[in-house]
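Read the structure below first, then the notes.
The values are calculated or read from the model by the stated rules, or taken from the named source; none is laboratory data. Computed from a prediction, not measured in an experiment: that's the story for all the values here. Methodologically, a virtual Cβ is constructed for each residue, glycine included, from the backbone with ideal geometry; neighbour enumeration extends over all protein chains shown.
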Amino acid sequence: MLRYSSQIAPHGFKTNQPPPSEPFAVIPGQVHTSTTALALFDQLAPVRPAELLGDWRGEGLATGHPLDGLLEAWHWHGKRFISAEAVHPLIFNTAGGRRISIDPNWVPMALLRAPWVGRLAPLGRLAPWLLPLLATEKPRARLRQLCYRDRLSSAMVYDNLPIIDVFRRLDPTSLLGLMDARGLEQPFFFTLRRGDAVKGDSAAASAP
């Protein structure tokens, strides 16, 4: 089993600042910092892989991270967990109103280091028409339990990218996600809310 913690992993993002004395809520549109988001993340309960199965609608949590707003600019919808061995990590909305699974292998790691390119207005307007060219019916990630920041919880491991998304429970229908990517100095945060699969989605039932 892989083990990640703030004491043994360089991407544990351990902070020297104490957590807030009282828990705070994730409020849509409210801007946190990486420090306050990490403090919240550390307070939350873990989630088991079986609790993740199904469709989830995603939204970035603004912390001043360079990636803030990038996924929304490309019409990101969320994630789909079919089983522990079959995960569609990137579900996007197309111009025709469909939801498709995008192959993350087409996303260059350089874009994560220069996200302003992806936020250029012309690209955002073209995204719903361009995304079908990057679609896949194959799952591109798996679920595993990892010890991250001294707590065991579910994490999504990409098949071919040095990226791990770790999840904690916000409430019965919501999760707080943390993206740990090689080369990023700070984690990227997002929320997932439980949603129903849409009939006709290209990734609705695909599995190995």
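Quick look at the numbers
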{"item": "Scope segment 138-182; condition surrounded by fewer than 17 Cβ atoms within 10 Å (Cβ to Cβ), modelled with pLDDT under 95 and within 14 Å of Pro89 (Cβ to Cβ); matching residues", "result": "Asn160, Pro162"}
{"item": "Members of segment 72-100 that are surrounded by 21 or more Cβ atoms within 10 Å (Cβ to Cβ) and touching a residue at least 60 places away in the same chain (Cβ under 8 Å)", "result": "Gly78, Lys79, Arg80, Phe81, Val87, His88, Pro89, Ile91, Arg99, Ile100"}
{"item": "Hey, Ile91 modelled with pLDDT of 85 or more and closer than 22 Å to Pro66 by Cα or not", "result": "yes"}
{"item": "Enumeration of residues in segment 32-47 that are under 16 Å from the mean Cα position of the chain (by Cα) and either part of a helix (DSSP H, G or I) or surrounded by fewer than 18 Cβ atoms within 10 Å (Cβ to Cβ) (or both)", "result": "Ser34, Ala37, Leu38, Phe41, Pro46"}
{"item": "Selection status of Gly195, over 19 Å from Asn105 (Cα atoms), modelled with pLDDT under 95 and within 18 Å of the chain's Cα centre (by Cα)", "result": "yes"}
{"item": "Output for segment 90-107, where each listed residue is closer than 19 Å to Asp165 by Cβ and of a type in the set (Ser, Thr, Tyr)", "result": "Ser101"}
